[in-house]
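The values are calculated or read from the model by the stated rules, or taken from the named source; none is laboratory data. Computed from a predicted model, the values in this text were never measured in an experiment. Methodologically, a virtual Cβ is constructed for each residue, glycine included, from the backbone with ideal geometry; neighbour enumeration extends over all protein chains shown.
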Amino acid sequence: MYPLVYFLRHGETDWNAEGRLQGQADTDINALGRRQADQNGRFLAGLLGKAEGFDFVASPMRRTRETMERVRTAMGLDPMDYQTDARLIEVHFGDWQGSTYAEVEALAPGSTKARRRNKWNFQPPGSAGESYEMLKLRVLPWLDGLTQPTVCVTHGGILRVLFRTIAKLPERESANLHVPQDRVLRLKDDVLEWL
């Protein structure tokens, strides 16, 4: 059984708002993203107080680190007192990173249809491109290594992996799952619940 974990997706970025495939491009959260992070921090403060006994870990990307630092500030905690783990970095969209689906389609007509047909297992073109299944293999060792209550700030792809792995959602449903940036996902007694 996994320990108690509160997961947060990073706050909104301009690329999120524009519908750009962000992946491992290192972008910053925008004004709405900062408000989302602050709100989630206040929510966690109400649930956890000073969160004694909790580990705090984030993806090392700028958007997740700023989100974590704002969350911890809103909780009345030292904003810099957390760890990062590279296994929590978002799925890599290969050559598609930074593009919208419309831009990808304009450059290579028909190329996004293959992804829609089997989104979970589709590997975008480019040497670094990852499928969600590949992301799952990267994330599971981190998840299986958790030993104490944790607050984690990460990315939408990681949260989709959690729903596939823990909630046993089908691949198609997991890959297309809406992952909000203004809510907290709790893992308790091996059950995932949006709060």
query: Of all residues in segment 104-113, which are surrounded by 13 or more Cβ atoms within 10 Å (Cβ to Cβ) and without any contact (Cβ under 8 Å) to a residue 24 or more places away in the chain?
result: GLU105, SER111, THR112
query: In segment 116-132, what residues are under 18 Å from GLN24 (Cα atoms) and either free of Cβ contacts under 8 Å to residues at least 24 places away in the same chain or of a type in the set (A, V, I, L, M) (or both)?
result: PHE122, ALA128
statement: Inside segment 134-176, the number of residues satisfying the requirement of being touching a residue at least 12 places away in the same chain (Cβ under 8 Å), surrounded by 16 or more Cβ atoms within 10 Å (Cβ to Cβ) and among the aliphatic types (A, V, I, L, M) is 11
query: farther than 30 Å from GLY53 by Cβ, of a type in the set (Gly, Ala, Ser) and modelled with pLDDT of 95 or more - does that describe any residue in segment 136-155?
result: no
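Quick one: which helices (runs of 4 or more DSSP H) sit completely within segment 83-167 and have at least 2 residues that are closer than 20 Å to PRO60 by Cβ?
Numbers: elements: 101-107, 111-117, 132-144, 156-165.
By residue number, 132-144, 156-165.
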- request: Could you please let me know if PHE93 is crowded, with 19+ Cβ neighbours inside 10 Å, touching a strand residue (DSSP E or B) at 6+ places or on another chain (Cβ under 7 Å), touching a residue at least 60 places away in the same chain (Cβ under 8 Å) and among the aromatic types (Phe, Trp, Tyr)?
  value: no
- request: Would you please name the residue that is nearest to GLU12 (Cα to Cα), looking only at residues in segment 66-86 that are out of contact with any strand residue (DSSP E or B) (no Cβ under 6 Å at 6 or more places or on another chain) and among the aliphatic types (A, V, I, L, M)?
  value: VAL71
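Considering each residue of segment 177-195, count those that are assigned to a loop (DSSP other than H, G, I, E, B), in contact (Cβ under 8 Å) with a residue 24 or more places away in the chain and touching a helix residue (DSSP H, G or I) at 6+ places or on another chain (Cβ under 7 Å), and give that number. Show your work before the answer.
As a first pass, look at segment 177-195 and keep what is assigned to a loop (DSSP other than H, G, I, E, B): 177-183, 189-190, 195.
Okay, now just the ones that are also in contact (Cβ under 8 Å) with a residue 24 or more places away in the chain, so 179-183, 189-190, 195.
From what is left, the residues that are touching a helix residue (DSSP H, G or I) at 6+ places or on another chain (Cβ under 7 Å) are 179, 181-182.
Matching residues across segment 177-195 total 3.
State the number of residues belonging to segment 79-90 that are surrounded by 11 or more Cβ atoms within 10 Å (Cβ to Cβ) and acidic (Asp, Glu). Walk me through how you get there before you give the answer.
Here is the first cut: in segment 79-90, the residues surrounded by 11 or more Cβ atoms within 10 Å (Cβ to Cβ) are 79, 82-85, 87-90.
Remaining after also requiring acidic (Asp, Glu): 85, 90.
Result for segment 79-90: 2.
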- prompt: Which condition number in (1) out of contact with any Asp or Glu (no Cβ under 7 Å at 6 or more places or on another chain); (2) buried (at least 22 other Cβ atoms within 10 Å of the Cβ) is the one that ILE29 fails?
  reply: (1)
